[in-house]
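K.L.:
For reference, the structure I am asking about is given below.
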Amino acid sequence: MFDKRLGRQTHFSNKPLARSGGDVNKCNNNGASPIYIAAQKGHADCLNILLAASGADVNKCNNDSVSPIFMATVKGHADCLNILLAAGGDVNKCNNDNVSPIFMATVQGHANCVKILLAAGADPRSSWNGTSALDMARQKNHSECVRVLEAALA
């Protein structure tokens, strides 16, 4: 198949990962696994394939302890977030700076991700450096995030 974006011919294998010898947990130099990268790029179809592989680690973080759930949340990829949570991803896993996924969803104004994270058990009282997710939503004028967090805290 010719890939216009790459300007070259590409060849894809439809062999299951387990038979092809691929390691879904192998990381690049930044510590990013294929699952992490698929979550970052919003490739839900790839996530489903990768997570179906034996031994797939849904919580494998990069070198900064950023998890696939955290990255999907930052990018606003709600479909990927749902897939990662369904595969057992840790909804409250913080990065090296102790920032939670729900806090970052609020910073970015991704109310849909805030809703998904709350439904999965995220702590609505999450804070960072003394600023709560709700306070951050107010500071950033993310009114839908404010409404969702206020409802969760009521």
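K.L.:
What residue, among those in the stretch 144-154 that are under 20 Å from the mean Cα position of the chain (by Cα) and of a type in the set (A, V, I, L, M), is farthest from residue 93 (Cα to Cα)?
P.N.:
Selected residue: 148.
K.L.:
Within the stretch 59-102, count every residue that is closer than 17 Å to residue 145 by Cβ and either surrounded by fewer than 18 Cβ atoms within 10 Å (Cβ to Cβ) or among the charged types (D, E, K, R) (or both).
P.N.:
2
K.L.:
Here's a follow-up. Within the set of pairs 6 or more residues apart or between chains, which connect a residue that is closer than 17 Å to residue 118 by Cα inside the stretch 129-145 to a residue that is loosely packed, with under 14 Cβ neighbours inside 10 Å with Cβ atoms less than 7 Å apart?
P.N.:
132/125; 134/150; 134/153
K.L.:
Against the condition at pLDDT below 80 and either surrounded by 15 or more Cβ atoms within 10 Å (Cβ to Cβ) or among the β-branched types (Val, Ile, Thr) (or both), how does residue 6 come out, does it pass?
P.N.:
So residue 6 fails the test.
K.L.:
Of everything in the stretch 45-79, what is over 23 Å from residue 99 (Cβ atoms) and either part of a loop (DSSP other than H, G, I, E, B) or among the hydrophobic types (A, V, I, L, M, F, W, C) (or both)? Give them in sequence order.
P.N.:
46, 49, 50, 51, 52, 53, 54, 55, 56
K.L.:
Here's a follow-up. How do the pairs read when you match residues in the stretch 103-127 that are at positive phi with residues anywhere that are outside any helix (DSSP H, G or I), using Cβ under 6 Å and keeping only pairs 6 or more apart or on different chains?
P.N.:
Within 6 Å, the pairs are 109/142; 121/91.
K.L.:
Filter the stretch 119-143 down to the residues that are in a helix (DSSP H, G or I) and more than 18 Å from the chain's Cα centre (by Cα), then identify the one that is farthest from residue 99 (Cα to Cα).
P.N.:
For the stretch 119-143, the residue satisfying everything is 143.
K.L.:
On the basis of being aliphatic (A, V, I, L, M), touching a helix residue (DSSP H, G or I) at 6+ places or on another chain (Cβ under 7 Å) and under 30 Å from residue 55 (Cβ atoms), does residue 107 make the cut?
P.N.:
no
The values are calculated or read from the model by the stated rules, or taken from the named source; none is laboratory data. Every value quoted in this text rests on a predicted model; they were computed, and no experiment measured them. Because the Cβ atoms are built from the backbone with ideal geometry, glycine has one as well, and the counts that use them run over all protein chains shown.
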